[in-house]
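Novice: This is the structure I have questions about; it appears just below.
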Amino acid sequence: MYPKKELAQLLISACTQYQIETVVISPGSRNAPLTIGFSNHPKINALSIVDERCAAFFALGIAQQTQKPVAIVCTSGSALLNYYPAIAEAFYSNVPLVVISADRPKHLIDIGDGQTIRQENVFENHILFSANLTAVSKDDLANAVNQENLNLISEAFQIATSQQGPVHINVPFDEPLYETVPELPIFNFPTKTTQIEKKPVDYIKLAKIWNSSEKKMILVGVNYPDKALDNLIDIYGSDDSVLLFTETTSNLHHSKAIDAIDQLIFSLEDADFKELQPALLVTFGGMIVSKRIKRFLRDYQPKHHWHIDTKKATDTYFCLSEFLQTTPVDFFSNFNPLISSVDSNYQPNWLKIRDHRRQKHAAYFKELQHSDFKVFEQILNAIPSDSDLQISNSSIIRYAQLFKMNTTFRVFCNRGTSGIDGSTSTAIGAAFASNKQTVCITGDLSFFYDSNALWNSYIPVNFRIILINNSGGGIFKIIPGPATTNAANYFETPHCLTAAHLAKMHEFEYASAFTTEVVTKELEGFFESSEKPKILEIFTPSAENDVVLKEYFKYIK
């Protein structure tokens, strides 16, 4: 059965023509024509997630892994607004989502009906394209209206794919909503390639600047794993004038990379920063986690800053001189043949400091007692090679930044908006779409905030959650400021919650640990095959975690 509503028929046909393989539907009445069509189509994998916020982040996790658009479908009214956090994340993280919202016809908006809100262009500040479809009437304008709908739908799908980001299609349906037909009509969608005007890259000019600079820094943010990029970056390790800074989320590895940025720079003083200051900074990838590196590059600005990105000229350090509108692979493929190594002590000097910090890091952990920081070392040593790590925001991703990662891991985190609101839902979507072991490392506030993520029928049995429970908001003990106020409890959100009952309700295997010894024991069999997904909840001493971290930075100096 397929819906009788022509607009629903158009959307279902478009999804198949533009090769949308997965549609995540949240229940409702106004979206019934879409639900009927998607759930009956043999080429579409229709999934049902009740909570719209979780559904959108779940879809985002799938799109993150497949690098293909995923559609999300909801009913009218407040349901649509629950998509917004994930849409903002997709917008800033370049993840393709096709948001399809059912709506009332225009004549029913603002007349006092329930679940009627102004849905058209509701995401205008965080969307690549909004298509507001028009209900088809039986008058003489029907063909013209139909063509306009076809054009809008076509443009939306092509933008989502070509520009890798979210688009919104708002679809008005009048009653009746549940009428069906036996077959789906065929529609011809116009092909309209959306061209973005790009300024050509002057590689000769850039190479001259590069070859005359004795201090060059390459800084890599959030980046999807890419072997071709790994190979192109490899040559920079043999140039003493180049420092390669890679964040945990960069998924880029090199023996001469500085891959724990805060470990290196946290304790530096003014004279050290002046020595580290590059003449030329090259950046690519998404958001940078380290506040220290951002502050350093804003205070000690390079003479030249080149940012490589196909879409956005991100001036993070307020000194952007060149926006190179291309992919990193294309840039370095064209750039590498034109450059030569420069004699310098820049890289050797800072790699000595890096190696000293690593030795001190290892020594510190030999004596370290049970804490957030110690737990992180245990977790990272226990996770099997070739796993996917989904790391939540706040203190958890910051702890991860202080460790050298297993190079076989793929690491992901919602750094587009850096919110805690959908970390678990995204991780479950990624696990659903991945053929690898997926491990979600999360803090207690992220986990409990997104606890509806577990209300999901598609969680693979090899999915693992490691919940570090420090009783609320550990980040606010680490960062300067909150402790100087009399409102610390409102920042930190202290609580006595545990995941035990949630695990039972949602049929997860559950274990807990309160000491270093028990953590080690529980991790031993945690990743073995099971009939259910698992949660390991590790409780850490809230009053000691910040002290441990502050002492660490003093010790490794």
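Any read-out appearing in this document is the output of simple, stated calculations on the displayed coordinates, not a laboratory observation. From a predicted model like this one, the values you see are computed outputs, not experimental measurements. For neighbour counting, all protein chains shown are included, and Cβ atoms are generated from backbone atoms with ideal geometry for every residue, glycine included.
Novice: Identify, among L81, N146, T540, the residue whose Cα sits farthest towards the positive end of the charge dipole of the chain, taking +1 on the Cβ of Lys and Arg and -1 on the Cβ of Asp and Glu, with the dipole about the Cα centre.
Specialist: T540
Novice: Would you list, by chain and number, the aspartates and glutamates whose Cα falls below 17 Å from the Cα of K550, excluding same-chain residues fewer than 8 positions away?
Specialist: D262, E269, E367, D372, E377
Novice: Express the relative contact order of segment 368-555 as a whole percentage, based on alpha carbon pairs under 8 Å and six or more residues apart in sequence. Show your work: numbers first, answer last.
Specialist: On the way: 313 pairs, mean separation 46.1, N = 188.
It comes to 25 percent, rounded to a whole number.
Novice: What does the extension gain come out to for F365 and N336, with contour length at 0.36 nm per residue minus their alpha carbon separation? Each step should come with its number before you reach the end.
Specialist: Working: separation 29, 0.36 × 29 = 10.44 nm, distance 4.00 nm.
Using 0.36 nm per residue and subtracting the Cα-Cα distance, I get 6.4 nm.
Novice: In what order do E269, E197, E544 fall by count of nearby beta-carbon atoms within 10 Å, going from fewest to most? Working shown, then result.
Specialist: Details: E269 8, E197 5, E544 16.
Ordered by Cβ neighbours within 10 Å, fewest first: E197, E269, E544.
Novice: If neighbour count is taken as other Cβ atoms inside 10 Å, put V70, V518 in order from fewest to most. Display every interim value, and only then the final one.
Specialist: On the way: V70 29, V518 15.
Lowest to highest Cβ neighbour count: V518, V70.
Novice: Something else about it: Report, largest value first, the span of the C-alpha coordinates of segment 368-555 along each principal axis, in whole Å.
Specialist: 47, 32, 32
Novice: Which entries of K291/K554; K208/K311; K256/K436 have Cα-Cα distances beyond 20 Å here? Intermediate values should be presented prior to the final figure.
Specialist: Values: K291/K554 18 Å; K208/K311 25 Å; K256/K436 28 Å.
Violating the 20 Å limit, Cα to Cα: K208/K311; K256/K436.
Novice: At a 10 Å Cβ-Cβ cut-off, how would you order K550, K68, fewest neighbours first?
Specialist: Details: K550 12, K68 17.
Ascending Cβ contact count within 10 Å gives the list K550, K68.
Novice: Same structure again: Rg/Rh for segment 2-180 to two decimals, with Rh computed the Kirkwood way over all alpha-carbon pairs. Display every interim value, and only then the final one.
Specialist: Numbers: Rg = 14.8 Å, Rh = 15.9 Å.
With Rh from the inverse mean 1/r over Cα pairs, Rg/Rh is 0.93.
Novice: Still on this structure, I have one more. Would you work out the charge dipole size for segment 2-180 about its Cα centre, treating the Cβ of every Lys and Arg as +1 and the Cβ of every Asp and Glu as -1, and quote it to the nearest 20 debye? Let's see the in-between values first.
Specialist: Values: 10 positive and 17 negative charges, 78 e Å.
Value, rounded to 20: 380 debye.
Novice: Right, next: Only one of the values [x] 27.8; [y] 33.2; [z] 24.9 was calculated from this structure for mean projected area of the Cα convex hull in nm²; name its label.
Specialist: Recomputing mean projected area of the Cα convex hull in nm² here gives the entry labelled [x].
Novice: Collect residues whose amide H, placed 1.01 Å from N in the peptide plane, falls under 5 Å from the amide H of H305; neighbours closer than 5 in sequence don't count.
Specialist: Correct list: L281, S321, E322.
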